[in-house]
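S.K.: Sharing a structure here in structure tokens format.
Throughout, read-outs are computed from the coordinates displayed, never taken from laboratory work. Note that the structure is a prediction, hence the values are computed from the model and not measured. Here the Cβ positions follow ideal geometry from the backbone for every residue, glycine too, while neighbour counts run over all protein chains shown.
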């Protein structure tokens with residue numbers, strides 16, 4: 001099962017900063033993950049006792065990292081990458097911590113090569129769209145130093 005422990009072993013985020021609970025489904029082009037961590041009072045992204053909707057971008061970015069690990073098919077250490085940009089953002093709510101159900105995070109690879117990838121993403125909860133956008137990811141960030 002592709003659960004939280006499996007995810008944490010394959011992305012750089014550890015402890016409470018690993019935000020995803022499980023991979024629901026995936027293909028070479030798309031991944032769908034679920035999370036309940038948005039309701040946690042000790043979520044490390046909370047500020048002033050709330051979790052703003054823009055934090056959903058980090059949930060999507062972690063889904064993209066998991067997708068990269070799955071596509072690579074390796075149990076090697078996670079590649080150090082970074083989110084280069086987030087565009088076409090549509091924020092439909094103010095916050096995530098008041099969403100009662102689990103978050104449903106979908107990332108779909110639009111284009112890319114071995115080191116640069118463009119994803120479209122959506123974060124849904126309580127049967128509605130919470131945020132969406134596109135994100136450019138640069139992999140092997142260590143090589144850029």
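S.K.: Taking the alpha carbon gyration tensor of the chain, what are the square roots of 5 times its eigenvalues, largest first, to the nearest whole Å?
M.R.: 23, 17, 15
S.K.: Using the per-residue mean of other Cβ atoms lying within 10 Å as a proxy for protection, in what order, highest first, do the peptides 27-37, 116-126, 92-102 fall?
M.R.: On the way: 27-37: 18.1, 116-126: 19.9, 92-102: 15.7.
Output ranking for 27-37, 116-126, 92-102: 116-126, 27-37, 92-102.
S.K.: Rounding to the nearest 10 and keeping the result within 0 to 90°, find how far the Cα-based axis of helix 56-72 lies from the longest principal axis of the chain.
M.R.: 30
S.K.: In which sequence would 51, 89 go, from the one with the fewest C-beta neighbours within 10 Å to the one with the most? Write out the running numbers ahead of the final one.
M.R.: Values: 51 22, 89 15.
The fewest-first ordering by Cβ neighbours comes to 89, 51.
S.K.: If r is the Cβ-Cβ distance from residue 25 to residue 100 and R0 is 35 Å, what FRET efficiency results, to the nearest 0.05? The partial results should precede the final answer.
M.R.: On the way: r = 23 Å, r/R0 = 0.65.
Taking R0 as 35 Å, the efficiency between residue 25 and residue 100 is 0.95.
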